[in-house]
1. Quote the FRET efficiency, to the nearest 0.05, computed for A:HIS15 versus B:ASN211 with a Förster distance R0 of 45 Å and r equal to the Cβ-Cβ distance.
2. If the viscosity is 0.692 mPa s and the temperature 37 °C, what Stokes-Einstein diffusion coefficient in µm²/s follows for chain B when Rh is the Kirkwood radius over Cα pairs?
3. Let me know the shape class of region A:96-198, please: from the alpha-carbon gyration tensor, a ≥ b ≥ c as square roots of the eigenvalues, rounded when a/c is under 1.5, otherwise prolate if a/b is greater than b/c, or oblate.
4. Leaving ligands, DNA and RNA out of it, rank A:ARG122, A:ARG230, A:ARG149 by accessible area with a 1.4 Å probe, largest first.
5. Is the shape of region A:68-135 best called rounded, prolate or oblate, per the rule: a/c under 1.5 gives rounded, else a/b larger than b/c gives prolate, else oblate, with a ≥ b ≥ c the square roots of the Cα gyration tensor eigenvalues?
6. Between region B:67-113 and region A:21-41, what is the separation of their alpha carbon centroids in Å?
7. Order the following by accessible area, largest value first: A:GLU193, A:GLU30. Probe radius 1.4 Å; ligands, DNA and RNA are ignored.
8. Report in % the part of the accessible area of the protein assembly as shown that belongs to carbon and sulfur, leaving out ligands and nucleic acids; probe 1.4 Å.
Amino acid sequence: MSLLEIRDVTCGYGHRMVIDSMSVTVDEGEGVSLLGHNGTGKSTLIRAISGVIPVKSGAILFEGKPVANLTPDALVKRGIVHVPAGRRVFPNMSVEHNLEAGAFTRTDRQEVWHDVEAMMERFPILGERRKSAAGLLSGGEQQVLAVARGLMARPKLLMVDEPSLGLSPTMVQFVFGILAELRKDGTSVMLAEQNVRKALAVTDRAYVLAQGRVIMDGPSESLLSSEAFREDYLGAKRGGSFGELVEEALGTQS
Amino acid sequence: MAYVIEQLINGLAVGSVYALIAVGYSMVYSILYLINFAHGDVITFGAFTALTMLVIGVPIPVALFLACVLGAALGMTVERIAYRPVRYANRIVPMISALGAGLVIASTAQAIWGPEVHAFPQVIPRWSFELFGQLIPFQPLIIIAIAVVLVTIATILLDYTRLGRATKCVCQDIHAAQLMGIPINTIVPLVYAIGGFLGVAGAVLYVTYFNAVYIQMGLLATFKAWSAAMLGGVGNFHGAFVGGLLLGIAEAFSVVVVGSAFKDGVSLVFIVLILLLKPDGLFGERTTARS
Ligand SMILES: Nc1ncnc2c1ncn2[C@@H]1O[C@H](COP(=O)(O)OP(=O)(O)O)[C@@H](O)[C@H]1O
Ligand SMILES: [Mg+2]
């Protein structure tokens, strides 16, 4: 049984459907990428899963139970957490209160502050700036904060939308290093990205979206060896083996 | 000197009233990026209700408290009926529906209490006392004290309770707050309730100070409070408070300089100046992200 199973889901905005009868699964402990150019519906699918926009038809099962069209707070309580594109940290709140906000649905208040401390240790760039307003952090620091804030809910599935958006190459490297660590710890991740190389390096499988449909999917390695995929999404000249790509994406240390 | 101190106290009193009313505008604005056009009518309705309760003999503190609670309930009703159904529509739509809600409330008030100006009972006595040879009026001091206490309580609730901090999240980014699992359909009405409660408190103090309550006062209060909110930085709870105080003092001293006929224009001058020179307000805390 998959952790998340999206079955023939159609959804969009108002009367305009963006996602057309799409099926996607994420297994327990698995990392799955949603790839595709700008405007193909990656964010829209994630918004439907997190309950921000309604599902028009089809089913979403989480741990085998139907969860389509539940409210966002009910979904967070069940363990589905959405780290939005553009980071969306609370700008006038301190780093630590941003983290606390991520744990809003938890009832173990004592444990929450324990977890805040754990995040500060795990991500020292946050620990150093725990009292500063989140709006004063750099884009990369904000992205780390956004991911950490998501983790504060103790998600079973973390959905991260475009973490590389607007970040400097060094910061992209840093943020993907964190995602790779999360994956090693066994966190189930759904990652929407336009940065195909980086995304494939930290996930086991990928779906390629175009105009609201899945046009290709499979294990990251086999996508990389597919001629069509390389031409359309990596640029034919580049490419290389999967191992090389992981090394390039995460730097030599990994 | 004596005159200056008296004007300062009066200015602070009127200013703290503006501040109480401004909080409602400021908080709602920070969520929706819209002026809550029904706010002025909600607080007018609250002031009239207080008047009626006082006339029929309800004890003063009870009457004032109930009027504030009514303000909170009216604020929540406006949110439910005029704002929520159109929350994600084009900006112009909630603006018009709020204007409509305000019109309904104002017309209802006029149907009940009539268009004329009513005197308002002196719920705070107009004594004065002498301090260092200076005659100090008692009523403005009490008005300032009530405003400070109410804003302090609201600040503590917002800063130190879980729901209060969730409210701050919603004010800063309603979409992100929703993704944290914060139930926005509980928090947003709460914001309107806080605004309605404090706003009616401000309105009752306002009509006490000026000893008059009438239907159109909502509009005037709206100008003043909006100007105060902008002065302090819209969306900034404490900014709205300080902005209110500054506006009150400026008005009090403008009476000295340009005469009382132009007093009400001061807030409009402030609005123009702030928009031109510092659109985020004096204490605008709009921290922009670097990347
Ligand atoms: N809030 C919205 N309202 C209406 N249409 C939207 C909204 N957000 C995105 N869209 C449209 O949905 C389509 C898919 O967008 P999106 O899911 O953001 O793509 P991606 O995340 O893959 O770049 C685009 O055509 C976009 O214009
Ligand atoms: Mg997107």
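1. Values: r = 56 Å, r/R0 = 1.24.
Once the sixth-power term is evaluated, E becomes 0.20.
2. On the way: Rh = 19.3 Å.
The estimated diffusion coefficient comes to 170 µm²/s.
3. Values: a/c = 1.96, a/b = 1.30, b/c = 1.50.
Oblate is the answer for region A:96-198, as a/c is 1.5 or above yet b/c matches or exceeds a/b.
4. On the way: A:ARG122 95, A:ARG230 55, A:ARG149 0 Å².
Listed by decreasing accessible area, they come as A:ARG122, A:ARG230, A:ARG149.
5. On the way: a/c = 2.26, a/b = 1.45, b/c = 1.56.
Note, shape of region A:68-135 comes out oblate.
6. Distance between centres, Cα-based: 43 Å.
7. Working: A:GLU193 0, A:GLU30 20 Å².
The residues order as A:GLU30, A:GLU193, largest area first.
8. Working: 14510 of 23220 Å².
On the protein assembly as shown, the fraction of accessible area on carbon and sulfur atoms equals 62 percent.
The values are calculated or read from the model by the stated rules, or taken from the named source; none is laboratory data. Quantities reported herein were computed from a predicted structural model and do not represent experimental measurements. Reconstructed Cβ throughout: ideal geometry from the backbone, glycine too, with neighbour counts over all protein chains shown. We work out accessible area using only protein heavy atoms, side chains counted, and drop any ligands, DNA or RNA first. Shrake-Rupley method; radii C 1.70, N 1.55, O 1.52, S 1.80 Å.
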